[in-house]
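The values are calculated or read from the model by the stated rules, or taken from the named source; none is laboratory data. The model shown is predicted, which means the values in this text are computed figures rather than measured ones. Cβ placement follows ideal geometry from the backbone for every residue including glycine, while neighbour counts extend to all protein chains displayed. Protein only, heavy atoms only, side chains kept; ligands, DNA and RNA dropped before computing areas. Shrake-Rupley method; radii C 1.70, N 1.55, O 1.52, S 1.80 Å.
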Amino acid sequence: MSKKSILIIEDEPHIVMGLKDALEFEGYDVAATGTGKEGVLMAKSDRPDVVLLDLMLPDINGYQVCEELRRFDPFLPIIMLTARSQESDKIRGLDAGADDYVTKPFSVAELTARIRAIVRRASRTPGAPEGFEIGIARVNCTAQTIEREGQEIRLSYYEVELLRLLNERKGQPVARDDILSRVWGLEASPTNRTVDNFIVKLRKKIERSPDKPEHILTVYGFGYKLV
Ligand code: CA
């Protein structure tokens, strides 16, 4: 079995350090950040198996992070870490989409037991794979992969969302601004060039000859169109 990865979103360095040591000792790959916004970006790009999420963060709070994470992955296991122990906070956390909740100070043994349980549950989560075909490539949105000529090519979160949007409007031109607001939303500050760079990468993964695209076409001065 491959190594499971954990993303810690927590701004207290001593807690991060303690958790990182303990979880690495247990055999997990561990990444950490102290801000909610970076946590969201890291979760989307690294696709961890479990997220440990502090409630009180310096920029956006854990509930907002949790909701944002849920929007892009309904099955991503999230455990909230918090100093609060009130029932209402717990309920709000679970409402925001957390799978579990641990109140500080917690024992590392208890937390790792919960992580193991949640990883076991997640690996059993069914769900029909969602996907569509583009020429010789089959896009699997659930697995975030493209199957092409017997090969499996990995896609990032943004690549899947971009393809999904183009596919929804197949045959119609989609403006770069539309792509930016639908795929990237309010976070970060991508530019039109970001979209163009992603299109270049996607053509390499999908097109027979990326320089002469047959499927992801440029609509000059406007955006892109999937045919
Ligand atoms: Ca905190």
Fill in the blank from the handout: The one condition E152 fails out of (1) in a strand (DSSP E or B); (2) at pLDDT below 85 is (2)
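Just to check your reading of the model, which residue among T145, T194 is at pLDDT below 85 and buried (at least 17 other Cβ atoms within 10 Å of the Cβ)?
Among T145, T194, only T194 is at pLDDT below 85 and buried (at least 17 other Cβ atoms within 10 Å of the Cβ).
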Exercise for the section: Determine which member of the set A43, A117 is under 18 Å from K4 (Cβ atoms), assigned to a helix (DSSP H, G or I), in contact with a strand residue (DSSP E or B) (Cβ under 6 Å, 6 or more places away or on another chain) and in the same structural domain as D11 (by TED's automatic domain parsing). Expected result: A43
Exercise for the section: Please work out which residue is nearest to the chain's Cα centre (by Cα), limiting yourself to the stretch 1-10 and to residues that are at pLDDT below 95 and not small (G, A, S). Expected result: K4
Exercise for the section: Determine, yes or no, whether K37 is under 18 Å from Y158 (Cα atoms) and within 16 Å of the ligand (Cβ to nearest atom). Expected result: yes
Problem - Test for G27: is it assigned to a loop (DSSP other than H, G, I, E, B) and away from the ligand (no atom under 12 Å from the Cβ) - result: yes
Practice task
Select from the stretch 49-64 the residues that are charged (D, E, K, R) and either open to solvent by 10 Å² or more (accessible area, probe 1.4 Å) or more than 8 Å from the ligand (Cβ to nearest atom) (or both) and list them in ascending order.
Solution key: D49, D59
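Please count how many residues of the stretch 65-85 are in a helix (DSSP H, G or I) and either within 15 Å of the ligand (Cβ to nearest atom) or open to solvent by 40 Å² or more (accessible area, probe 1.4 Å) (or both).
6
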Exercise for the section: Just give me the residues in the stretch 1-21 being more than 16 Å from the ligand (Cβ to nearest atom), open to solvent by less than 20 Å² (accessible area, probe 1.4 Å) and assigned to a helix (DSSP H, G or I), in sequence order. Expected result: none
